[in-house]
Structure formats: C-alpha cells, structure tokens
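Following: one structure in structure tokens, then a few remarks.
The values are calculated or read from the model by the stated rules, or taken from the named source; none is laboratory data. All values reported here derive from a predicted model rather than from experimental measurement. As a convention, Cβ positions derive from the backbone with ideal geometry for all residues, glycine included, and neighbour counts pool all protein chains shown.
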Amino acid sequence: MPPLNADTTPYSYFINALSFVTTILLRQREYNLTSDCSLLQIAIISMRQLKQSESSEWMKQIFSCHSFMLLSSDDIKCIRMDQCIAEIGVGFIPCLTGVKNNEKHQEVSVLNVIGNYSSIWSYIHQFANVLMVEEDLSREASFQPLFSLNDNCRVITWKTATNKIEPDLTDDGYLHLSGSIIQTVNDIQESLSDLLSDDSDTTQPRSSLMSMTHPDLYASLCINLINTGEILRKQNYFTARVIELPLQQLFMKESENIVLKNKNKNHDAEL
C-alpha cells in the first residue's frame, strides 16, 4: 500500500504481519502465504482506469475470492494515478480436467493489483507464473510488458465486449479473450486447470513472498516475535492477581463496595 509518510519508500509491504496468518486448504493442509510457494502464483493487472476497471469482479468470478476493491471502492478510488494497492490471497478453480485425489477444486495464490501496476512491475515480474491482464478498451494496441517476462510465465489477456469472440493465441503466445466477464470464466478456468494438471509446471521455481526483496520499492515493517512460553515461565502468579492486574483490582474493589452497600441497605431495613 502507499505509505502515509511521503518521505519514505513508495510502498509499505505488510508481509511480516501475514507470517502470523495460516490458511487451511483442502485436506486440512496448513498454508502460510509468506513462506509457502507450492501454489501456482497468478497476478491480475488492469490497463484500464481505476474507476472503469472490472478486474476485481473478474477475479471474484474466476477464483471465488473477494477483493478489497469491491468492499471499499470509495476508499480505494482516492489513490493517486501513479499508485496502486496490491492484495494477495488464496483462490480456487474447479478441476475441469478431472477430479484429482477426489477433489473438485484446486487452490492458487492470487495477487490482485488495484491501480497503476507499472509502479510495482518488478515485484509482479518476480511473483507471477501466470499474468492475467485486463486490456484497455480505448486502445488498439495490445498488452506489452514493461520488460521481458520470465520464460515460464503464461499470459492471459482479456478485453471486455458485448459479444464473445473465440479464444485466440497471439503472436506473442498470449491467450487472448474477448467478451463479458461471465463469458470468459470457463475459458480461463479451463486453461489454468490444464496448466495445473501439467506435472512439468510444478517443477518450475517459485519465489516465496518473504524472500522477495525490493528495497527501492517498499519497506517492510519489522515485527519482533514474542516468546510467549518464556514469558509464561517467568511470570509470578502469586503476585499477578493482587499487584500486577489493575483491572482485576478495580473489579475486586467494586465487589467490596457492592457488599458494603447491601449490608447498609439490610441494616436500614432492620431499623
């Protein structure tokens, strides 16, 4: 996200906070976004202006995951034209090429870039195994990367249209789609499902989020881990309740005052 302090690096990277978040995937497998790079890594970008972009809805329909853009669009749209916000999470696509291990869905790692993707292109370049691009309707020219993509990176481009045109393979080897969001969902899911079923793709190197460093692009907030076990072992529980927990002391005093108040009421009643 863009930092609050304009004198710092262009972006703030909240990767260390994500290290505390574990997602439960299929078969109850624990997955950590920061360190686990076992999932196919997909980046979604848009060439359209922020207020016109449909890429977040595109992501929702394809991967069954919601974007911050759809939940807080008014707050997001106030970012500058040269900035962006990138969000990352786990998405799901159906196993269209056949049920694998009795599973009907497969997980993928999805990076959704809201705003000017060119400002973090070096990060996208390192992350993406698959790049999905929403092309600008007003431009005749198709998508061209800022610099060469990795050899193993697949590219899917989409231009919204009323009438669907059959998927086409461009001279650059990109899968190009034209149609509404709903009309493109099956074609994209089928393409990704074929890619996931290709065992050779699983051997391609992937970068974990924690290992990706771009010091000129963003600063990561350092978080000092607390050894809770050591703290609990050092705690003196004989003094904790009486001396070290002021809130409990206040409750204790309140309890004493209530008892005294009730005694006075009973005494007045007897008189």
Check: If Leu177 passes every condition in (1) more than 24 Å from the chain's Cα centre (by Cα); (2) modelled with pLDDT of 90 or more; (3) farther than 27 Å from Arg206 by Cα but one, which one does it miss?
Finding: (3)
Notebook entry, point to check: For the range 173-194, which residues satisfy the criterion of being within 17 Å of Thr162 (Cβ to Cβ), hydroxyl-bearing (Ser, Thr, Tyr) and in contact (Cβ under 8 Å) with a residue 24 or more places away in the chain?
Noted result: Thr184
Next item on the list: Kindly check whether there is at least one residue in the range 158-168 that is under 30 Å from Thr213 (Cα atoms) and surrounded by fewer than 21 Cβ atoms within 10 Å (Cβ to Cβ).
Entry: no
Margin query: Any residue in the range 161-172 that is closer than 18 Å to Glu140 by Cα sitting within a Cβ distance under 7 Å of a residue that is of a type outside the set (Asp, Glu) and in a loop (DSSP other than H, G, I, E, B)? List the pairs, counting only those 6 or more apart or interchain.
Written below: Thr170/Ser142
Checklist line | Residue identified as among the small types (Gly, Ala, Ser), outside any helix (DSSP H, G or I) and either surrounded by 10 or more Cβ atoms within 10 Å (Cβ to Cβ) or modelled with pLDDT under 85 (or both) among Ser193, Ser207, Ser255, Ser200 | finding: Ser207
Notebook entry, point to check: Could you list, in sequence order, the residues of the range 210-252 that are part of a helix (DSSP H, G or I), over 22 Å from Phe20 (Cβ atoms) and acidic (Asp, Glu)?
Noted result: Glu244
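Return the total of residues in the range 166-184 being more than 17 Å from Glu54 (Cβ to Cβ) and not charged (D, E, K, R). Give the derivation first.
We begin by selecting, within the range 166-184, every residue more than 17 Å from Glu54 (Cβ to Cβ); these are 166-175.
Cutting the leftovers down to not charged (D, E, K, R) gives us 167, 169-170, 173-175.
Residues meeting the conditions: 6.
Does Ser178 satisfy being part of a helix (DSSP H, G or I) and surrounded by 15 or more Cβ atoms within 10 Å (Cβ to Cβ)? Talk me through it step by step, then tell me what you get.
On the way: part of a helix (DSSP H, G or I): no; surrounded by 15 or more Cβ atoms within 10 Å (Cβ to Cβ): yes.
In short, no.
Looking at the range 126-142 only, could you name the residues that are touching a residue at least 24 places away in the same chain (Cβ under 8 Å), over 17 Å from the mean Cα position of the chain (by Cα) and surrounded by fewer than 21 Cβ atoms within 10 Å (Cβ to Cβ)?
Of the range 126-142, the ones touching a residue at least 24 places away in the same chain (Cβ under 8 Å) are 126-137, 139, 142.
Imposing the further condition that a residue be over 17 Å from the mean Cα position of the chain (by Cα) reduces the set to 133-137, 139, 142.
The answer is Glu135, Asp136, Leu137, Arg139, Ser142.
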Checklist line | Answer residue from the range 28-37, given it is touching a residue at least 24 places away in the same chain (Cβ under 8 Å) and not in a strand (DSSP E or B) and is surrounded by the fewest Cβ atoms within 10 Å (Cβ to Cβ) among those | finding: Ser35
Notebook entry, point to check: Looking at (1) farther than 17 Å from Ala128 by Cβ; (2) part of a loop (DSSP other than H, G, I, E, B); (3) in contact with a strand residue (DSSP E or B) (Cβ under 7 Å, 6 or more places away or on another chain), which is the only condition Thr23 fails?
Noted result: (2)
